[in-house]
Amino acid sequence: MSSLFTDIISSKKKKIFAAPMADVTNPAFRALCAMHGADLTFTEMINADGLLNGDRYAEDRGFSADGKPYGVQISGSTAEGISKAACLLEDMFHPAVIDINMGCPSPRIVRSGCGASLLTKEGLPAQIVRETVGAVSTPVSVKMRILKNEDETIRLAESIQDAGAAAVTVHGRTRDMMYAGKSDTAVIRRVRETLSIPVIANGDVRDEASASRVFDETGCDTVMIGRAAIGNPFIFERISFFLTTGKIHPFISERLHASDTGPSETRQRVADFIKYCDLLDKNDLFGCVNIRAHAQWFTSGLADSGNIRLMINDLHKNVKIDINDRPALTEERKQLAAEIIAILEEHYGAP
Ligand SMILES: Cc1cc2nc3c(=O)[nH]c(=O)nc-3n(C[C@H](O)[C@H](O)[C@H](O)COP(=O)(O)O)c2cc1C
């Protein structure tokens, strides 16, 4: 059956998705990624039990700030919890796809029976997918890691497909690898060759060369970018530019050293941070975002960023606000953001 998600994932062009990332891919940041050409973005993982118990995490994290198609990701430990949460999220947000987190290796998540711990529970991944697919009309996808045993990885992916998943994202690392070592593109390729549903390749895409390598080595026509997008939503534009023209984006060609941003890219980064703050403000998100950390990410790699980071750290150093006092937090962070922007404009020039 055709859907917004199947239209996007089955389009012939090479696609780049923005990965779900806790504390990063809030609605404002996703809007920025989409603005820079991400073909689909994903929310941070939304915990099924938390949602069913009425916390407001999903209200802040799950909506769209730009009306563009996006995926909502659920983490949970049972088929019942995940499928019920999927129904709620479908009604609340009408996402293009509902993604189930079967990859998060964080000890806290794994201890609670969620994320990557699901992968080794015989039959449970398929049961979760089957019940969720049965409960919603939105396509359901799964984001998984590979297992230590390649054949078991393939069998698991097949069981997820047979249970009705519309797509699978494979991060080519095992749970134990966390984020170290290399993502195994050969295993992703085998999953892609075995399944008939779309497979999205995830892991280690950070520039034009790594994107080309992952497309080539996996044979997938969609890659998903995580860490390289943190503080740098322009990554989608630069890689899209390369995929459509075969050339390096002019902003990147200005770089004198591979790791230092050139003048146009720097101006773009500052402009993106300003736009980001504007989106946080318009969508009442300042109260739930650690703007200081996000500013550090946005300034990473800029000339003299070490000093800028020290200056940002010194701002509002001794201010203590009750984490539950949302209006006060919002005001304080808006003020902090304005001071950070003033530092950036003074240092790098107004964009
Ligand atoms: C800060 C951070 C938060 C993450 N949060 C999530 C999450 O909520 N759900 C998820 O499926 N994966 C999460 N991930 C994993 C990423 O989506 C992605 O699979 C991983 O970073 C590998 O891709 P990369 O090499 O492009 O970073 C997170 C990763 C990072 C670094």
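The values are calculated or read from the model by the stated rules, or taken from the named source; none is laboratory data. Treat the numbers as computed from the prediction; the structure is a model and nothing was measured. Positions of Cβ are backbone-derived with ideal geometry, glycine not excepted, and every protein chain shown enters the neighbour counts. Heads up: the accessible areas ignore ligands, DNA and RNA and are worked out on the full protein's heavy atoms, side chains in. Shrake-Rupley method; radii C 1.70, N 1.55, O 1.52, S 1.80 Å.
Key figures for this structure:
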item	result
Condition met for PRO139 (closer than 17 Å to GLN73 by Cα, in contact (Cβ under 8 Å) with a residue 12 or more places away in the chain and crowded, with 20+ Cβ neighbours inside 10 Å)	yes
Every residue from the range 124-147 that is among the aliphatic types (A, V, I, L, M), part of a helix (DSSP H, G or I) and within 16 Å of the ligand (Cβ to nearest atom)	ILE128, VAL129
Filtered residue count, the range 1-28, keeping only those that are touching a helix residue (DSSP H, G or I) at 6+ places or on another chain (Cβ under 9 Å) and more than 20 Å from HIS171 (Cβ to Cβ)	4
One residue from ARG61, ARG108, ARG30 being surrounded by fewer than 24 Cβ atoms within 10 Å (Cβ to Cβ), in contact with a Ser or Thr (Cβ under 7 Å, 6 or more places away or on another chain), within 26 Å of ASN324 (Cα to Cα) and assigned by TED's automatic domain parsing to the domain that holds ALA228	ARG61
Residue count, the range 111-123 (criterion: part of a helix (DSSP H, G or I) and more than 19 Å from the chain's Cα centre (by Cα))	5
Which listed residue, of TYR348, TYR276, is under 24 Å from ILE235 (Cα atoms) and either open to solvent by 20 Å² or more (accessible area, probe 1.4 Å) or more than 20 Å from the chain's Cα centre (by Cα) (or both)	TYR348
Within the range 295-320, tally of residues that are assigned to a helix (DSSP H, G or I), more than 22 Å from ALA34 (Cβ to Cβ) and open to solvent by 10 Å² or more (accessible area, probe 1.4 Å)	9
Filtered residues of the range 285-294 (kept if within 20 Å of ALA65 (Cα to Cα), of a type in the set (A, V, I, L, M, F, W, C) and in a helix (DSSP H, G or I))	PHE286, CYS288, ILE291
Residues (in contact with a Lys or Arg (Cβ under 7 Å, 6 or more places away or on another chain) and of a type in the set (Ser, Thr, Tyr)) located in the range 289-339	THR299
